[in-house]
Amino acid sequence: MTENMKPRSEEDAKTLIDEHLRNRGWNLADFSKIRKEYPTPAGRPVDYIFFDKNGKPIAILEAKKPGKDLYGALEQAKDYAKEFQDVRVDISLIFSSDGKTFLKKNLKARTLPERINQFPTPEEFYEIIHPEIERIMISLRPYQKVAVSQVISSFVSGREKMYIQMATGTGKTAVAAAIIAKLLTMGKIKN
């Protein structure tokens with residue numbers, strides 16, 4: 001990329017994000033799944049907002065021009081998520097990007113910001129938000145479901161090694177079985 005082709009503004013970053021999302025299978029013209037410049041309850045525009053299958057907002061992606069603090073952009077997305085929470089809309093995933101780098105944070109699981117190689121496909125995204133694991137392991141406790149969701153999310157984001165630390169008697173075996181079952185049903189593993 002030549003010097004004059006490098007992204008210099010937030011609009012350039014959004015162009016790169018749009019291209020990345022399209023390459024990952026997102027249809028930016030399907031407003032039932034994704035919208036740009038969507039207003040928060042206080043009227044501030046969210047760069048990208050994602051909806052579940054019922055049309056409820058579930059994730060935010062905040063774009064920043066290259067060189068800007070992406071961790072600060074995650075904090076901005078977190079502030080937007082709090083505005084939605086004030087009107088009883090629970091947004092659990094937030095992302096930030098400059099078009100080249102993506103950061104992810106799960107507010108529900110209270111995870112640290114994580115750099116991801118690529119944004120999830122729509123199928124992977126909805127699996128992270130609403131794991132079908134309930135049909136496979138209906139008796140999982142809420143914190144076990146969060147653990148399964150986090151591992152699945154990390155796996156589809158490109159991580160190959162993860163570590164789960166849970167206290168004695170909290171269901172590590174059930175969580176491991178659910179993770180394996182989910183990866184099998186998603187076709188991400190064969191054995």
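Multiplying the residue separation of Lys188 and Val89 by 0.36 nm and removing their Cα-Cα distance gives an extension gain of 32.5 nm.
So how strong a dipole does the chain carry about its Cα centre when Lys and Arg Cβ are +1 and Asp and Glu Cβ are -1, to the nearest 20 debye? Provide the component values of the computation, followed by the final result.
Numbers: 32 positive and 25 negative charges, 120 e Å.
My answer is approximately 580 debye.
Relative protection proxy for 39-50, 107-118, from highest mean packing down: 39-50, 107-118 (other beta-carbon atoms within 10 angstrom).
Arranged from highest to lowest average of other beta-carbon atoms within 10 Å per residue, in what order do the peptides 97-106, 147-156 appear?
On the way: 97-106: 20.0, 147-156: 21.8.
The peptides rank, most packed first, as 147-156, 97-106.
So what is the 222 nm mean residue ellipticity for the chain from helices alone, if each DSSP H run of at least 4 adds -39500 (n - 2.57) and you divide by all residues, rounding to the nearest 500 deg cm²/dmol?
Working: 6 runs with 72 residues, N = 191.
Theoretical 222 nm ellipticity from helices: -11500 deg cm²/dmol.
Which is farthest toward the positive dipole end of the chain among Asn23, Phe119, Thr170, measuring Cα position about the Cα centre, with Cβ charges +1 (Lys, Arg) and -1 (Asp, Glu)? In the chain, that residue is Thr170. Length available on full extension from Ile164 to Arg115: 0.36 nm per residue minus the Cα-Cα distance, which gives 15.8 nm.
Its residues counted as N, the chain yields a C-alpha radius of gyration over 2.2 N^0.38 Å of 1.06. Sequence-distant contacts, meaning Cα pairs under 8 Å at least 6 residues apart, place the relative contact order of the chain at 16 percent.
When +1 charges are put on Lys and Arg Cβ atoms and -1 charges on Asp and Glu Cβ atoms, the dipole computed for the stretch 131-191 relative to its Cα centre reaches about 80 debye.
How far is helix 172-186 tilted off the main Cα axis of the chain, in degrees rounded to 10, range 0 to 90? For helix 172-186, the angle is close to 60 degrees.
No value in this document is a laboratory result; all are computed from the given coordinates. Keep in mind it's a predicted model, so treat the numbers as computed, not measured. Quick reminder, even Gly has a Cβ in these numbers, built from the backbone with ideal geometry, and neighbours come from all protein chains shown.
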